[in-house]
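Comments concern the structure below.
Nothing in this text is a laboratory measurement; each read-out follows from the coordinates by a stated rule. Everything numeric here is computed off the predicted structure, so don't read it as measured data. Quick reminder, even Gly has a Cβ in these numbers, built from the backbone with ideal geometry, and neighbours come from all protein chains shown.
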There are 2 protein chains.
Amino acid sequence: MAKDKKVEQITDMEVDFAQWFTDVCTKAELVDYSGVKGLFIMRPYGYAIWENIMSYLDGRFKELGHENVSMPVLIPESLLQKEKDHVEGFAPECAWVTHGGSEELPERLCVRPTSETLFCDHWSHVVHSYRDLPMKYNQWCSVLRWEKTTRPFLRGREFLWQEGHTIHATEEEAREETLQMLEVYADCCEKVLAMPVIRGDKTEKEKFAGAVNTYTIECMMHDHKALQSGTSHFFGDGFTRAFNITFTDKENKLSFPYQTSWGMSTRVIGGLIMTHGDNNGLVLPPKVAPIQVIVVPVAQQKEGVLDKAYELLDRLKAAGIRARIDASSNSMGWKCAQWEMKGVPVRLEIGPRDIENNVCMAVRRDNGEKVTVGLEKLETMIPQVLDQVQQGLFDKAKENLDSHIFAASSVEEAKALQEEHGGFIKTMWCGDLACEEKMKEEAGMSSRCIPFDQENLGDTCPCCGKPAKHMIYWGIAY
Amino acid sequence: MAKDKKVEQITDMEVDFAQWFTDVCTKAELVDYSGVKGLFIMRPYGYAIWENIMSYLDGRFKELGHENVSMPVLIPESLLQKEKDHVEGFAPECAWVTHGGSEELPERLCVRPTSETLFCDHWSHVVHSYRDLPMKYNQWCSVLRWEKTTRPFLRGREFLWQEGHTIHATEEEAREETLQMLEVYADCCEKVLAMPVIRGDKTEKEKFAGAVNTYTIECMMHDHKALQSGTSHFFGDGFTRAFNITFTDKENKLSFPYQTSWGMSTRVIGGLIMTHGDNNGLVLPPKVAPIQVIVVPVAQQKEGVLDKAYELLDRLKAAGIRARIDASSNSMGWKCAQWEMKGVPVRLEIGPRDIENNVCMAVRRDNGEKVTVGLEKLETMIPQVLDQVQQGLFDKAKENLDSHIFAASSVEEAKALQEEHGGFIKTMWCGDLACEEKMKEEAGMSSRCIPFDQENLGDTCPCCGKPAKHMIYWGIAY
């Protein structure tokens, strides 16, 4: 259907993927730019997607026994400095509050870039006995990281996220927690956002500042670049020693507990856009779509059409479907283009001829397929169509991922494969930083993860020829 | 029942109400102090109360057509300065970010004390036509105000809140919105928090910086001081003119739209504590209590007691009641004192004799009353007992409010009444700032509001003798 000029055009993704992304963010009314570089406004439609993601994650967290808390937005510089690796990682990116009212502060305070130090300080007050453990906390908030280059969702100086922080009596329990929460993130990506993931360990170089292990889920975008979509960290007792958090264990001995943290942010909305979007705009999986079905009356000036359209709307809502109607005076072409731009999974058309035939027409956003739905089957068939869209999006993304993983046995081959196809290049690896840096310098790729699902591609590291320890994935990352 | 020493004692409220309040905040594990004065940690039990309040308010907001958004946490100084009255009110309390990473910023940024300026800046980008209006937005976030004296919940340099911001084509619609949202706050206080309110206008002196009208709900605490518990502001077109937000109206004429904003914060949790609490600690209305029923097995070492207690727990949960069990090895005395401290509305005791008699015992936290509940009636009777506690708390607070409003016809009389009884002193008032300041200087009271329910107490202002315009409430406020 021809586009009405009222729907602003977006750049084709094949022409300029970065510009296409920015166009979708603004034209689908997800974000607006504020007066400060890197601080974005999440408009109602963008925030509603985040609310659906929050609702899923918060439910999972609580089912697993986590409790929400609220930590302060400001961290004293001296507190941030208590754990050496941590401050080295974060201090260069901190935004600093130096004045309160008209007075200069005795110590500068950073706007939290992450809250490990705050949780540790609190736990040093309240953890005494093994009976107090575990404490499994989460908070929903925004954090600031003063990045140089910024893009909506993908890299903001401020972003919204949740940060889970837990403290346990034993290393085993903390390690289980770390992996369990990675699985929650994998479920969120795969089952809710329809984004297939690769699970694995981060290398020493790429892990979180202060962590013993960082686990990650990596997704592949439509342009075959990688997006780190959620991470979960095992801290050992490094922080609890630095903050002197001790507890009396069951044998009445004073011990240091073990910690984890894990986070997922509005970055995944960027991932969602770049995984499923197309040249007509956003494409949303039904499970996170603020509007799952848009009812569009055809020839709405004809008698009975609007009434029937509203009747269908009410029935969809009553069936628990997030439905809306576009009964505006805009043209049919405008409406189709507008709701395609906004990524609504199903457009439901109903016109005079449909009414005569006692049917309506469901149009899938993911593949344009039209499904004729008998009006009496509305409540059973529309959820099925929504499930098909959800599955269709996952399958398409999985196909994109699976077809863009390539094995290489030399740095040159890795580089050539990346240049020709993009995607993830898998090789063996000796585990040395030098080889990781070589791959970055010579092939332009960073390590994405050491996947949990290991394969034996050979015995030696393609960078240095020494014995290999792991199979590793390389890629170009957002 | 005698208190076990394991439950830490709190100061009696009659001895030192302020210390009693602080004791309850910490001993009931609502908050912890952070390393920065005035920035508090909301612990799981405190945050869970806020989650229940958020859930109620967010539901009401959305029913009324509001959408959530997220605005940046930082405001450029130049943006804050655009509306003259607004900046005068807030600039002295701002916390300023001056450095990002290692660089000094070209313009300092304040951590938002409130977000009117951000919403206006956004609306100046996206409001074009009457078709775009109204926009009815809300955000859940924290704000910073660099206060000198701070107390948990009541006055923090950081506090959590929601701030609603709406923009309308007509003054009439904006005024309706302002009053409608005040009613939502009144409902939240009265129906959820069991805190009766007085609705009214703030005086010129007390209104929000930049508002044409500020409406308020005022509550009375147990010590007969006042707590402003929610405010709703009508801005006229002052901000839209300052930010040059215009729209094309139905007559194709360029016009300035009208704005409102309204906020409720974690301050109401302070109000909750000071309205219902007693010398045994917190008392929570069932509608916001994180735990509505605590099941306490009596003589739990006896065969069958624990099984039966868990059975009751499961039945309560299945009936949608937020229930928990205390099957710890602590003494009965410790458990009773502990859950009283935490303000759980109903303690459900079940012991060997109860099991024989096929009953359990529900003990009300608000008045200590014991209710024998036949086990077969658990699911019907416990919700009734919870409703009785909710109503009982409201009635007690209403009685406290109603019995502490006194009419006065001179400043001296007002002062004497306040000194003898505390509470709200109502007088007539000419409307002049001078008289408002006189009441503050001579009787130590600020104006609380010009109540919507006006009474005629006389014809003249007790401060100056000139003709009276309104009846006004005075009080000592938190």
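So here's what we get for this one:
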item	result
Residues being over 29 Å from the mean Cα position of the chain (by Cα) and either polar (S, T, N, Q) or part of a loop (DSSP other than H, G, I, E, B) (or both) - total across the stretch A:314-330	5
Filtered residues of the stretch B:9-29 (kept if within 11 Å of chain A (Cβ to nearest Cβ) and part of a loop (DSSP other than H, G, I, E, B))	B:29
For residue B:409: the one exception among (1) within 30 Å of residue B:468 (Cα to Cα); (2) within 31 Å of the chain's Cα centre (by Cα)	(2)
Positions within the stretch B:102-129 being under 33 Å from the mean Cα position of the chain (by Cα), of a type outside the set (Val, Ile, Thr), at the interface with another protein chain (Cβ under 9 Å from one of its Cβ atoms) and surrounded by fewer than 22 Cβ atoms within 10 Å (Cβ to Cβ), in sequence order	B:108
Within the stretch A:69-101, tally of residues that are within 8 Å of another protein chain (Cβ to nearest Cβ), touching a helix residue (DSSP H, G or I) at 6+ places or on another chain (Cβ under 6 Å) and surrounded by fewer than 19 Cβ atoms within 10 Å (Cβ to Cβ)	1
Helices (runs of 4 or more DSSP H) completely within the stretch B:43-123 that count 2 or more residues being among the aliphatic types (A, V, I, L, M) and within 24 Å of residue A:94 (Cα to Cα)	B:77-80
The listed residue being within 18 Å of residue B:446 (Cβ to Cβ) and without any contact (Cβ under 8 Å) to a residue 60 or more places away in the chain, out of B:216, B:231	B:231
Meets criteria (more than 30 Å from residue B:105 (Cβ to Cβ), of a type in the set (Phe, Trp, Tyr) and either facing chain B (nearest Cβ under 10 Å) or touching a Gly at 6+ places or on another chain (Cβ under 6 Å) (or both)) for residue A:45	yes
Among (1) more than 9 Å from chain A (Cβ to nearest Cβ); (2) under 22 Å from residue B:476 (Cα atoms); (3) free of Cβ contacts under 8 Å to residues at least 12 places away in the same chain, the one test that residue B:176 misses	(2)
Residue A:204 within 23 Å of residue A:418 (Cβ to Cβ) and surrounded by fewer than 18 Cβ atoms within 10 Å (Cβ to Cβ)	yes
Tally, over the stretch B:284-309, of residues that are over 17 Å from residue B:324 (Cα atoms) and aliphatic (A, V, I, L, M)	1
Residue check for residue B:171: out of contact with any Lys or Arg (no Cβ under 9 Å at 6 or more places or on another chain) and either more than 12 Å from chain A (Cβ to nearest Cβ) or among the polar types (S, T, N, Q) (or both)	yes
Residue in the stretch A:142-157 that is nearest to the other protein chains (Cβ to nearest Cβ), counting only those that are under 15 Å from the mean Cα position of the chain (by Cα) and surrounded by 20 or more Cβ atoms within 10 Å (Cβ to Cβ)	A:142
Qualifying residue in the stretch B:371-378 (condition: of a type outside the set (S, T, N, Q), surrounded by fewer than 16 Cβ atoms within 10 Å (Cβ to Cβ) and under 30 Å from residue B:222 (Cα atoms))	no
The stretch A:239-268, residues that are touching a Cys at 6+ places or on another chain (Cβ under 9 Å) and in a helix (DSSP H, G or I)	A:239, A:240, A:242, A:268
Conditions (1) in contact (Cβ under 8 Å) with a residue 12 or more places away in the chain; (2) within 11 Å of chain B (Cβ to nearest Cβ); (3) assigned to a helix (DSSP H, G or I): number failed by residue A:38	(3)
Selection within the stretch B:331-379 - assigned to a loop (DSSP other than H, G, I, E, B) and farther than 26 Å from residue B:288 by Cβ	B:331, B:351, B:358
Neighbours by Cβ (under 6 Å, 6+ apart or cross-chain): first from the stretch B:48-63, under 13 Å from residue B:287 (Cβ atoms) and within 13 Å of chain A (Cβ to nearest Cβ); second in a helix (DSSP H, G or I) and of a type outside the set (D, E, K, R)	B:49/B:269
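Rundown of residues vs (1) surrounded by 15 or more Cβ atoms within 10 Å (Cβ to Cβ); (2) in contact (Cβ under 8 Å) with a residue 40 or more places away in the chain, yes/no style:
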position	(1), (2)
B:380	no, no
B:403	no, no
B:410	no, yes
B:419	no, no
B:428	yes, yes
B:442	no, no
B:454	no, no
B:465	no, no
B:475	yes, yes
